[in-house]
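A short worksheet on the structure shown next.
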Amino acid sequence: MHPYHGLIGCEPFVNGIVKLLATLTRERIDNVRVFPDDARLLLAALEPASLARVFALFPDPWPKKRHEGRRLVTSDTLDLLARTMAGGAELRLATDDADFAAWMRAQLHVHEAFEGPAGGLEGYRERPADWPPTRYEAKALAAGHRPFYLVYRRRPRP
Ligand SMILES: C[S@@+](CC[C@H](N)C(=O)[O-])C[C@H]1O[C@@H](n2cnc3c(N)ncnc32)[C@H](O)[C@@H]1O
């Protein structure tokens, strides 16, 4: 949809990378770079204020208490994002797990670099028109779940 934007896809799971590369080759898409590892490693290495938009769509919710440390949206990751995202850049998050949605909102609410949706979560169940559908979203909808779609902004830099 955006042939003139530079995109970077991150995925540590090799089968996902293989599938992505096959799609990029088949559809002759040349504006996507692939980072075949943990997104946080890339965030730590990028130039400050170099990202105009970040998507974390259906990141693993890790519902068990002992897995909380594996959740992608934590204050440590938000620090990395705050450094790497340009002022005003969007952070788009989706999940079908209500607890995880509330967790992500709580993490973002207390982080000084981000501003975002107010009010109850129920108001964020409609996918915005320019939001890409994904495989996990389709699985969630097929299972009768209603996902949440949240948009935050990196506050302008001084
Ligand atoms: C539930 S799937 C969602 C995939 C896709 N975004 C979708 O909506 O269909 C979560 C994906 O995030 C990947 N993942 C988990 N932790 C990651 C991390 N730290 N960096 C990059 N990708 C990660 C997993 O390997 C998995 O492919």
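Where a number appears in this text, it was derived from the coordinates with a stated rule and is not lab data. Small disclaimer: the values here were computed from a predicted structure and weren't measured. We place every Cβ from the backbone using ideal geometry, glycine too, and count neighbours over all the protein chains shown.
Remarks
- Under the span-like rule (Cα at least 15 Å along the axis, Kyte-Doolittle mean at least 0.5), DSSP H helices of the chain: 14-26
- Tensor-based shape of segment 1-42 (alpha-carbon gyration tensor, a/c under 1.5 rounded, otherwise prolate or oblate): oblate
- In terms of its C-alpha gyration tensor, segment 3-92 has an oblate overall shape, because the principal axis ratio a/c (a ≥ b ≥ c, square roots of the eigenvalues) is not below 1.5 and a/b does not outweigh b/c.
- Cα gyration tensor, segment 26-153 - rounded (a/c under 1.5), prolate or oblate: rounded
- Net charge, Arg92 excluded, C-beta distance under 11 Å - Lys, Arg +1, Asp, Glu -1: +1
- Taking trypsin sites (Lys or Arg not before Pro) as exposed when their DSSP state is a loop state and no more than 16 other Cβ atoms lie within 10 Å, the longest site-free interval of the chain runs over 65-124.
- Charge dipole of segment 89-158 (Cα centre as origin; +1 on each Lys and Arg Cβ, -1 on each Asp and Glu Cβ, all else neutral): 200 debye, rounded to the nearest 20.
- Around the Cα centre of the chain, unit charges on the Cβ atoms of Lys, Arg, Asp and Glu (plus for the first two, minus for the last two) sum to a dipole of about 120 debye.
- Loop-located GluC sites (Glu not before Pro) in segment 62-158 (DSSP state other than H, G, I, E, B) with a sparse environment of at most 15 neighbouring Cβ atoms within 10 Å: Glu112, Glu126.
- Glu68/Glu112 FRET efficiency (R0 22 Å; Cβ-Cβ; nearest 0.05): 0.50
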